[in-house]
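What follows is a set of notes on a single structure, which appears directly below.
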């Protein structure tokens, strides 16, 4: 996704500058071409040699540095850039950028850039909350900059509050979202379900399944990267929800039914990747059921069929994709599900096939529509998610 992309990292005078070494390393590992431009004040916090070692490119500081191939360097860099991130962004540089001042290598390059620009403020809480700084950030947003809200926490100055630059992993997510291609779902609302449901037996025990949620989370992230407005309705998992999606956590099948059906009318695309319980205990005991001699039986009742409801109430031009996890007759059972529930596509897999199980990071799927059966080879769940979205985007 980032291979061959040119990323400029602008580093200003802040103790948070050390985090950008990690960010630069992450980007290089994804095969991006990373160029770092530092203000002179930034060199008091981290040495340019660090970035030169990590990126393989000269770290630019001095506008009039003579030790590079002759060209108008700031204009040349601006033309190459696919995205620029200023992180950490000091109050001083934010003010200069907001008012078009260009008195160093970083600000002159930024004025010449036409690519997307992202700013991550990092400073003392009182400085960040100063109305002048806040006005300057609003000016940057007016001119198309994306401003990352700083985290709150203990600052290097000893204060506690807003002004803390997010970690490198968070900054990376902003760059990844900006550079992701294609952006063929811009303007579309996508709802994705993921993970298992849990149906209580008593306050201690419940019935569930082996779903990890990885496939649904991969679909939600892929749709977000392609520009969609994504809502992820998820059961209990060990996963961190993708950034930039609306996250709704549920526990039971009934809770998922309520959360999905209440949002379904406004969605352009619904992808039901969750493993929802078909049955739940008819009686939920108020106290823990104690062990006794002999057998125990739990009477079950059907849960409401979310996918059937969505198929019955599907709007014109709404795309509905279900998942089918089978152990036998995968194609036949999945085609029957496609017809019975009025779906546009079923993503089918067989849990007995190596690499297609619940907990793994890979999948082996067949995508079934009214007129097609597309058998996908073993691939990562991220790749499989994009294969699903490729078909949806063309329809």
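In segment 289-309 there is at least one residue matching the filter, namely being in contact with a helix residue (DSSP H, G or I) (Cβ under 7 Å, 6 or more places away or on another chain) and either surrounded by fewer than 15 Cβ atoms within 10 Å (Cβ to Cβ) or within 17 Å of residue 232 (Cβ to Cβ) (or both).
When the residues of segment 118-141 are narrowed to those that are out of contact with any helix residue (DSSP H, G or I) (no Cβ under 9 Å at 6 or more places or on another chain) and surrounded by fewer than 17 Cβ atoms within 10 Å (Cβ to Cβ), which ends up farthest from residue 94 (Cα to Cα)? Give the derivation first.
Pass one, segment 118-141, residues out of contact with any helix residue (DSSP H, G or I) (no Cβ under 9 Å at 6 or more places or on another chain): 125-126, 129, 131, 141.
Next cut, surrounded by fewer than 17 Cβ atoms within 10 Å (Cβ to Cβ) only: 126, 129, 131, 141.
Working: 126: 15, 129: 13, 131: 13, 141: 11 Å.
Checking each candidate, the answer is 126.
State yes or no: is residue 364 under 13 Å from residue 324 (Cα atoms), assigned by TED's automatic domain parsing to the domain that holds residue 323, surrounded by fewer than 15 Cβ atoms within 10 Å (Cβ to Cβ) and touching a strand residue (DSSP E or B) at 6+ places or on another chain (Cβ under 7 Å)? Break it down stepwise before answering.
Values: under 13 Å from residue 324 (Cα atoms): yes; assigned by TED's automatic domain parsing to the domain that holds residue 323: yes; surrounded by fewer than 15 Cβ atoms within 10 Å (Cβ to Cβ): no; touching a strand residue (DSSP E or B) at 6+ places or on another chain (Cβ under 7 Å): yes.
It is false that residue 364 is under 13 Å from residue 324 (Cα atoms), assigned by TED's automatic domain parsing to the domain that holds residue 323, surrounded by fewer than 15 Cβ atoms within 10 Å (Cβ to Cβ) and touching a strand residue (DSSP E or B) at 6+ places or on another chain (Cβ under 7 Å).
Across segment 145-168, a minimum of one residue is classified as in contact (Cβ under 8 Å) with a residue 60 or more places away in the chain and exposed (fewer than 14 other Cβ atoms within 10 Å of the Cβ). Scanning segment 177-191 for residues that are over 14 Å from residue 321 (Cβ atoms) and in contact with a helix residue (DSSP H, G or I) (Cβ under 7 Å, 6 or more places away or on another chain) yields 177, 180, 184, 189.
Residue-by-condition table, conditions (1) assigned by TED's automatic domain parsing to the domain that holds residue 213; (2) without any contact (Cβ under 8 Å) to a residue 24 or more places away in the chain; (3) surrounded by fewer than 16 Cβ atoms within 10 Å (Cβ to Cβ); (4) not in a helix (DSSP H, G or I):
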| position | (1), (2), (3), (4) |
| --- | --- |
| 315 | yes, no, yes, yes |
| 325 | yes, no, no, yes |
| 335 | yes, no, no, no |
| 339 | yes, yes, yes, no |
| 346 | yes, no, no, yes |
| 353 | yes, yes, yes, yes |
| 385 | yes, no, no, no |
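The residues of segment 158-186 that are in contact with a strand residue (DSSP E or B) (Cβ under 8 Å, 6 or more places away or on another chain) and over 19 Å from residue 245 (Cα atoms), listed by number, are 160, 161, 162, 163, 164, 165. In segment 43-50, the count of residues that are in contact with a helix residue (DSSP H, G or I) (Cβ under 8 Å, 6 or more places away or on another chain) and closer than 19 Å to residue 118 by Cβ is zero. Selection over segment 1-30 of residues that are outside any helix (DSSP H, G or I) and more than 22 Å from the chain's Cα centre (by Cα) gives a count of 5. A count restricted to segment 118-144 and to residues that are within 19 Å of residue 13 (Cβ to Cβ) and not in a helix (DSSP H, G or I) stands at 8.
Selection within segment 266-284: residues that are surrounded by fewer than 14 Cβ atoms within 10 Å (Cβ to Cβ) and in contact with a strand residue (DSSP E or B) (Cβ under 9 Å, 6 or more places away or on another chain). The member of this set that is nearest to residue 357 (Cα to Cα) is 278. Looking only at segment 199-244, residues that are part of a loop (DSSP other than H, G, I, E, B), buried (at least 20 other Cβ atoms within 10 Å of the Cβ) and in contact with a helix residue (DSSP H, G or I) (Cβ under 9 Å, 6 or more places away or on another chain) come to 4 in all.
Restricting attention to segment 156-180, report how many residues are farther than 25 Å from residue 226 by Cα and within 27 Å of the chain's Cα centre (by Cα).
Step one: list which residues in segment 156-180 are farther than 25 Å from residue 226 by Cα, which gives 156-165.
Restricting the remaining residues to those that are within 27 Å of the chain's Cα centre (by Cα) gives 161-165.
The number of residues fulfilling the criteria is 5.
The values are calculated or read from the model by the stated rules, or taken from the named source; none is laboratory data. Only a predicted model underlies this, so the values are computations on that prediction, with no experimental measurement involved. Reconstructed Cβ throughout: ideal geometry from the backbone, glycine too, with neighbour counts over all protein chains shown.
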